Amino acid sequence: MKPSAAIVLLNKAALCAVMLPIAGCAVPLPTIEVVAPQFKLSGKAVIRRPEKTERFNLIWERENLANGLTDTIWVKDRLGGTKARLESSPNEAHLTVAKKTWRSDSAETLSRRALGFSLPVRAIGFWLTGNANPAYPVHRETDFITQLGWEVRYESYFDDGMPKRIKLSFKTGQALLVIQKWQSAGLNSPDILVLPAPAKLNLRLAITGRRHDGMHMLDTDMTLIDLCDEIVIKRRDDGQIRRFC
């Protein structure tokens, strides 16, 4: 499902697992009309600083709720496990790492704890869609914007004009985001239910016998993991039940 021209929404978008070249051919910014800057995306990120380079998977969801724009960011490892979860609303932010939660009045303060530097979460939510945060001054060029001391350069796009590869440069380093997928905000409709179908990892598996119906009896220890498919349930007006794969 592609984002509409009026409402930009993102699904799990990817940010490369390997650092792509810093230099590249840039292309002009897309023209995107954003009425409600909601989105959900998944992807991978590479953050390069003088002392180290970090690579991780990323899921970012922005919702326009009654209390304002709310961001939820999941930092994932290569197997899909959640390393950190950051939730940010206009008045407070929560960071959860290894089942321990910290609270602050801003996501920027908490991101320093997780990443080692302050991440302008509220602004990045706009930058991801090719827009600047309207609350702060911005300098625009043909293929990049500069805001809050960050240079945001758009290097490639999907066929529908949504950003695919974004390079962010800040005082002490660079971040590369490669977006794989955008999800339409329509999936937040009350008539549509989106559920995860998580995979499982068998830690131990033994066949202990066979039942009368021919099915095997199993003795296993397993755990659910964050890798999953999505099941989308949508209400129909004709009362029929249809299945699409």
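The values are calculated or read from the model by the stated rules, or taken from the named source; none is laboratory data. Since this is a predicted model, take the numbers as computed values, not measurements. Every residue, glycine as well, gets a Cβ built from its backbone with ideal geometry; the counts of neighbours run over all protein chains shown. The accessibility values were calculated without ligands, DNA or RNA, using every heavy atom of the protein model including side chains. Shrake-Rupley method; radii C 1.70, N 1.55, O 1.52, S 1.80 Å.
Details
- Residues (surrounded by 20 or more Cβ atoms within 10 Å (Cβ to Cβ) and of a type in the set (F, W, Y)) located in segment 145-167: Y154
- Just one of the numbered conditions (1) over 18 Å from V75 (Cβ atoms); (2) at pLDDT 90 or above is not true of I166: (1).
- Flag if V152 is touching a helix residue (DSSP H, G or I) at 6+ places or on another chain (Cβ under 8 Å), at pLDDT below 90 and either hydroxyl-bearing (S, T, Y) or closer than 28 Å to P50 by Cα (or both): no
- Of residues in segment 137-149 being at pLDDT 90 or above and assigned to a loop (DSSP other than H, G, I, E, B), the one farthest from I179 (Cα to Cα): P137
- Pair list, Cβ under 8 Å, 6 or more apart: segment 215-226 residue farther than 9 Å from N202 by Cα, other residue open to solvent by less than 70 Å² (accessible area, probe 1.4 Å) and charged (D, E, K, R): D226/K76
- Within the set T146, T142, T101, T96, the sole residue that is touching a Pro at 6+ places or on another chain (Cβ under 8 Å) and among the β-branched types (V, I, T) turns out to be T142.
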